[in-house]
Amino acid sequence: APEGARERFDAVIAAGERVEPRDWMPDDYRATLVRQIAQHAHSEIIGMQPEANWITRAPSLKRKAVLIAKVQDEAGHGLYLYSAAETLGVGRAELLDLLHEGRQKYSSIFNYPTLSWADVGTIGWLVDGAAITNQVPLCRCSYGPYARAMVRICKEESFHQRQGFEILHVLAHGTPEQHAMAQESVNRWYWPSLMMFGPPDAESAHSEQSMAYGIKRFSNDELRQRFVDMIVPQADALGLTLPDPELRWNDERGHYDFGPVDWAEFKQVLKGNGPCNRQRLAHRREAHAAGAWVREAAQAHAAKRARRAER
Ligand code: ACO
């Protein structure tokens, strides 16, 4: 490191200021950001699959238009995040290769299937709700490009969460069959949505260092608790229940207590053994291969323009 660089970096972190791409940064700070931002970007684009599954079967033209817009937003989030990762000196093609080879992760939640239309509502309410809870603090992340990408992503995620809540609200107040469909969907997604926040603090490999670096502002367990506290009254408003018999208000703690998460299931999903892991990666690889001609055409066009500019 150039003289005084480490001290300047530490001072920026201590003051809660932003580190920018051209600033000197420790190798492990850069590596952690590349890992987290890449995983986040991969989650956005893999996350398009479960919902895209319902575009052709959305129950009305309006629902279809909203769902298409939402899935396109997720693609856009992936693009902002790959761009943020590129400011750290890694290439997008390289990151996609790592995803396709199964050497970088994406969120566990996208390895579960979307079995009913109600799942589109539940994903908006619970999955995007969990994503916002985790991502709002990332708007204050110490790395400038990541923090700024998060601002816009969180605004769009809020819209996604509202549209999901509204879908579920309509179903929960519809016919008994619609209500049952909504409840069955919430029963399946509730526990996996709690797993999105990552392992318990005691088992979280990166939390301590990431919090010291101002990348993470709150621990996995803190954000999981915040999420449970937020969704319990929302479930009441929907007229739906959450599938946890141990869920109850704890006056002393000022929080809801909740039952144990099945961490064995989480570990299996991370190892590649969730219900849809193989299908998701296979589809992603196929989509990438099928898009090769677009990348080649874009490069040929750019090369042609560069030659013209030279003349
Ligand atoms: N799914 C898949 N992998 C996970 C999950 C999860 N839900 N939670 C944790 N992990 C992985 C970590 O990436 C890490 O693996 P690695 O060492 O191979 O990289 C390992 O489990 C240990 O976990 P932690 O030490 O707690 O990891 P970390 O400090 O990175 O915290 C967290 C995990 C909270 C997910 C963090 O990375 C984060 O905030 N990421 C940004 C948000 C994000 O990626 N959201 C994607 C889903 S939301 C959406 O896209 C709509």
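Placing dummy labels 7 Å off each Cα toward the beta-carbon, the span from Asn187 to Asp23 is 5.0 nm.
Between Asp201 and Ala302, what FRET efficiency follows from the Cβ-Cβ distance if R0 is 35 Å, with the result rounded to 0.05? Efficiency computed from Cβ-Cβ geometry: 0.15. For the residue pairs Lys70/Lys271; Lys105/Lys216; Lys155/Lys267; Lys70/Lys267; Lys64/Lys216, the alpha carbons lie more than 25 Å apart in Lys70/Lys271; Lys155/Lys267; Lys70/Lys267; Lys64/Lys216.
Phi angles of region 227-232 translate, via the Karplus equation with coefficients 6.51, -1.76, 1.60 and θ = phi - 60°, into HN-Hα couplings of 5, 4, 4, 6, 7, 4 Hz per residue; Gly and Pro are given as x.
Peptides 113-126, 55-68, 95-108 ordered by packing proxy, namely the average of other Cβ atoms within 10 Å per residue, highest first: 113-126, 95-108, 55-68.
Dipole size of the chain about its Cα centre, with +1 on Lys/Arg Cβ and -1 on Asp/Glu Cβ: approximately 1620 debye, rounded to the nearest 20.
Applying 0.36 nm per residue to the separation of Lys155 and Lys105 and subtracting their alpha-carbon distance, the gain on full extension is 15.5 nm.
Between Ala65 and Thr175, the FRET efficiency from the beta-carbon distance, with R0 = 25 Å, is close to 0.55. Computed packing ranks the peptides 150-160, 299-309, 231-241 as 150-160, 231-241, 299-309, most packed first, by mean other Cβ atoms within 10 Å.
Per residue, the solvent-accessible area of the chain (1.4 Å probe, heavy atoms of protein chains only, all protein chains present) comes to 50 Å².
The values are calculated or read from the model by the stated rules, or taken from the named source; none is laboratory data. Remember, predicted model here, so these are calculated numbers, not experimental data. Glycine also receives a Cβ, built like all others from the backbone with ideal geometry; neighbour counts cover every protein chain displayed. Accessible surface is based on the protein model in full, side chains and every heavy atom, while ligands, DNA and RNA are left aside. Shrake-Rupley method; radii C 1.70, N 1.55, O 1.52, S 1.80 Å.
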